[in-house]
Amino acid sequence: MIDYGRQRSNVCPAALEADGESVWVREGIIQVEEEGFSGYEFSMVRYDKNAYITLLSQRNSALEAELTDTQLAVCELYEEVLGNG
């Protein structure tokens with residue numbers, strides 16, 4: 001991973017772009033109008049494609065765990081409501 005920090009461009013960049021070896025992630029894209037510059041500013045990170053796949057896998061695992069916790073909480077609430085009804 002290489003974090004390029006805040007960048008500027010005259011054209012609006014794609015939030016996610018992949019080439020043969022890398023995945024470029026651009027976040028916080030805002031339009032900037034200043035004297036001497038009209039364009040976009042954003043944070044940019046480059047991931048090796050395998051590192052990005054690993055990152056996505058980790059995020060999915062975390063989301064699945066969070067969803068499971070939420071489902072269990074809903075089941076407990078449902079059982080409580082039925083038990084008290």
query: Here are N10, N50: which of them is modelled with pLDDT of 95 or more and polar (S, T, N, Q)?
result: N10
- request: Would you check if there is a residue in region 16-23 being under 15 Å from M1 (Cβ atoms) and loosely packed, with under 11 Cβ neighbours inside 10 Å?
  value: yes
task: Report, ordered by the first and then the second residue, all pairs with beta carbons closer than 9 Å, sequence separation of six or more or different chains, a first member in region 9-37 that is over 24 Å from D48 (Cα atoms), and a second member that is not in a strand (DSSP E or B).
output: Q31/C12; F37/N10
message: Looking only at residues that are aliphatic (A, V, I, L, M) and open to solvent by less than 60 Å² (accessible area, probe 1.4 Å) in region 30-47, which one is nearest to V11 (Cα to Cα)?
response: V32
- request: Hey, could you check region 50-61 for residues that are within 13 Å of the chain's Cα centre (by Cα) and either over 18 Å from G20 (Cα atoms) or touching a residue at least 60 places away in the same chain (Cβ under 8 Å) (or both) and say which is least open to solvent (accessible area, probe 1.4 Å)?
  value: S57
query: Among the residues of region 73-85, which ones are modelled with pLDDT of 80 or more, open to solvent by 80 Å² or more (accessible area, probe 1.4 Å) and not acidic (D, E)?
result: V74, L77, V81, L82
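The values are calculated or read from the model by the stated rules, or taken from the named source; none is laboratory data. Worth saying up front: this structure is predicted, and the values here are computed from it rather than measured. Note: ideal-geometry Cβ built from the backbone for every residue, glycine included; neighbour counts use all protein chains shown. To get the accessible areas, we keep the full protein, side chains included, count just its heavy atoms, and leave off ligands, DNA and RNA. Shrake-Rupley method; radii C 1.70, N 1.55, O 1.52, S 1.80 Å.
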